[in-house]
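In what follows, a structure is listed as structure tokens, so that the remarks can point back to it.
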Amino acid sequence: IISPVDDSSPVSRIVKNGVAPYHICFQVDDIGAAIEKLRLQGFLLIEPPSPAVLFDNKRVAFLYSKSVGLIELVEG
């Protein structure tokens with residue numbers, strides 16, 4: 001559960017507008033290679049690869065681009 005600290009918080013718009021997708025998830029074969037490719041396209045690595053219980057401990061990572069928004073990568 002997320003909550004904005006104040007009206008200038010990046011999540012303020014998401015929470016105030018009700019239910020809406022806030023990121024897209026992609027399954028990739030090689031998370032390291034996918035991260036490198038996206039970084040070369042200007043994405044910022046927000047959360048490095050780590051095991052996720054939700055995905056049977058497959059590694060996940062989060063990246064951000066101002067033009068695209070937040071994306072999640074799942075290795076597998």
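The values are calculated or read from the model by the stated rules, or taken from the named source; none is laboratory data. A quick note: this is a predicted structure, and the numbers were derived from the prediction, not measured. Cβ coordinates were reconstructed from backbone atoms using ideal geometry, including for glycine residues, and neighbour counts include every protein chain displayed. Protein only, heavy atoms only, side chains kept; ligands, DNA and RNA dropped before computing areas. Shrake-Rupley method; radii C 1.70, N 1.55, O 1.52, S 1.80 Å.
For segment 64-76, a residue qualifies if it is open to solvent by less than 70 Å² (accessible area, probe 1.4 Å) and of a type outside the set (Val, Ile, Thr), and the qualifying residues are SER65, GLY69, LEU70, GLU72, LEU73, GLU75, GLY76.
Given (1) open to solvent by 50 Å² or more (accessible area, probe 1.4 Å); (2) at pLDDT 95 or above; (3) of a type in the set (A, V, I, L, M); (4) assigned to a strand (DSSP E or B), identify the lone condition not met by ALA33. Here ALA33 clears every test but (4). For first residues located in segment 52-76 and of a type in the set (Val, Ile, Thr), partners that are in a helix (DSSP H, G or I) and lie 6+ apart or on another chain with Cβ distances below 7 Å form the pairs VAL74/PHE55. The residue that is modelled with the lowest pLDDT, counting only those in segment 36-63 that are part of a helix (DSSP H, G or I), open to solvent by 100 Å² or more (accessible area, probe 1.4 Å) and over 11 Å from VAL74 (Cβ atoms), is VAL53.
When the criteria are applied in full, ASP7 fails the requirement of being open to solvent by 100 Å² or more (accessible area, probe 1.4 Å), of a type in the set (Asp, Glu) and either at pLDDT 95 or above or touching a strand residue (DSSP E or B) at 6+ places or on another chain (Cβ under 6 Å) (or both).
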